[in-house]
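The block underneath contains the structure these notes are about, expressed in structure tokens.
All of the numbers you see were taken from the coordinates with simple rules; none came from a lab. All values reported here derive from a predicted model rather than from experimental measurement.
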Amino acid sequence: MFQKREVVLKGKDWVMIWLYAAIVCIGLVCIFSVEYKANDDFFRSLFEFKKNYSKQFLFLGICVVLATFILLTDSKFFTATPNLLYIIGILLMMATFVLGKNVNGSKSWIPLGFMNLQPVETCKIFTALALAKYLARNDTDFTKTRSQLIAAGICFLPIVFSILQNETGLALVYFSFLLPMYREGFPPGYLVAGASLGVLLVITLLFPPTSLIIALSVIALLCAFFMKRKIKRNKGILLIIVGLWLMASLFVGVAVPFLFKHVFQKYQADRIFSMVGRDNPFEDESTVKVTSADVKKAKKEKENYNVKQSKIAIGSGGLLGKGFLKGTQTQGDFVPEQHTDFIFTSVGENFGFVGCTILMLLYFGMLFRIVYIAERQRSTFTRVYAYSVAAIIFFHIAINICMTIGLAPVIGITLPLMSYGGSSLITFTILIFILIKLDSDRQMILR
């Protein structure tokens, strides 16, 4: 299972390792800047492991051990065990319903004493490996619908348990696996259909469902009118128009209300509609009737508070930032969850636009490096896994930063390698170092 020590560092992608180290160090500095106060005893607080930055330092130590363990492990271990690991991941997600601990209304954490394990976070590793294993099989023909459905089932099964645990934000991360599936031949028509539904969902946030259904009906009638000659020659075109109209109308009139009433938590739905300046139209009618205008206004301000404070913190940094430990928003604890979901605000306030740009360049450098690694592989397994890692990291970066600047609703997505938390840091460390290990053996055909 383990390789000889003298070949541990041979062939490893040091560019990836240094990019990983740089981003993790920036994360530690930012978490430290959020919590450290002038009257704190630095060395005492660091080794008491009561502060978040000291705990994150401990988690980093665990990550170093795990990374070393992965680099010592034979690559064939990761190609031989994905199915077993995937089953273990699903069982861990199911175990949260019995052993789970409630954190911010989400029962998705298993307490381990020194940290809380979030299976929906770690299951991303097992899903990436399981998808790579399935697509690398000799008997998998990804041009057939059956194979596509099996691959989609592997990726999307964790979504069901994630939603049941009230972790809607992390459930969305699993849609990032569409990227490696597309790279391996997933029909682009499905992606276009999915993107169209996404656009329709956004439009639904802006306009009432009834108005949209009327608009869709008018568009369908106009299409039928202007294509009447083609319809006379081919009745199938009319069936396609009617089918698309019916599906879009059902999505707007049935699926979207169900999504906001029964899938998203009430506070999540309120935040989403608050972002576009609307009250939640799917809120319980009895609650709306007894709610005064002042209460509604106060509620909307509360929903926007996080993002407002985040924008203030980032904007106040200017070009070069206020300086390390000199941020008023950071030191004053004005931004909620600043050490986790809103860690990017500390970068903006402390180091300004220049600091944010450097961090983004490091992230883009990592993403481009992963794609470069993926495309130089002989093994389908490693290529699929590499694209899965790139897709997960990209999704987290895009959503998290858009959250902090008000371009996306606050749904609880961490910033990779930066946000505080053992589950998040350990998950991304394992994802990256498994890739580094597999890439070091790229001359092998791993299945």
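Which log10 I(q)/I(0) values does segment 350-447 give at q = 0.19, 0.21, 0.22 Å⁻¹ under the Debye formula, counting every alpha carbon as one identical point scatterer?
Computed log10 I(q)/I(0) values: -0.95, -1.08, -1.14.
If you plug each phi of segment 253-260 into the Karplus form 6.51 cos²θ - 1.76 cosθ + 1.60 with θ = phi - 60°, what whole-Hz ³J(HN,Hα) values come out, in order, with x for Gly and Pro?
Those phi angles translate into x, 10, 5, 5, x, 5, 4, 7 Hz.
What ³J(HN,Hα) values, in whole Hz, does the Karplus curve 6.51 cos²θ - 1.76 cosθ + 1.60 give for segment 203-214 when θ = phi - 60°, with x put for Gly and Pro?
Whole-Hz 3J(HN,Hα) from phi for segment 203-214: 5, 5, 5, 9, 10, x, x, 4, 4, 5, 5, 4.
Under the rule of at least 5 residues apart or a separate chain, name every residue whose amide H is placed under 5 Å from the amide H of K12.
HN-HN under 5 Å from K12: empty list.
Once you wrap a convex hull around the alpha carbon atoms of segment 303-409, what is its projected area averaged over all directions, in nm²?
On the way: hull surface 28.7 nm².
Average projection, Cα convex hull of segment 303-409: 7.2 nm².
Taking N as the number of residues in segment 123-256, what value does Rg over Cα atoms divided by 2.2 N^0.38 Å take? The partial results should precede the final answer.
Working: Rg = 18.6 Å, N = 134, 2.2 N^0.38 = 14.1 Å.
Rg over 2.2 N^0.38 Å, computed on Cα atoms: 1.31.
What list of ³J(HN,Hα) couplings, whole Hz, do you get for segment 310-326 from phi and the Karplus terms 6.51, -1.76, 1.60, once you set θ to phi - 60° and write x for glycine and proline?
Calculated HN-Hα couplings, in order: 5, 4, 4, 4, 5, x, 5, x, x, 6, 10, x, 7, x, 4, 6, 10 Hz.
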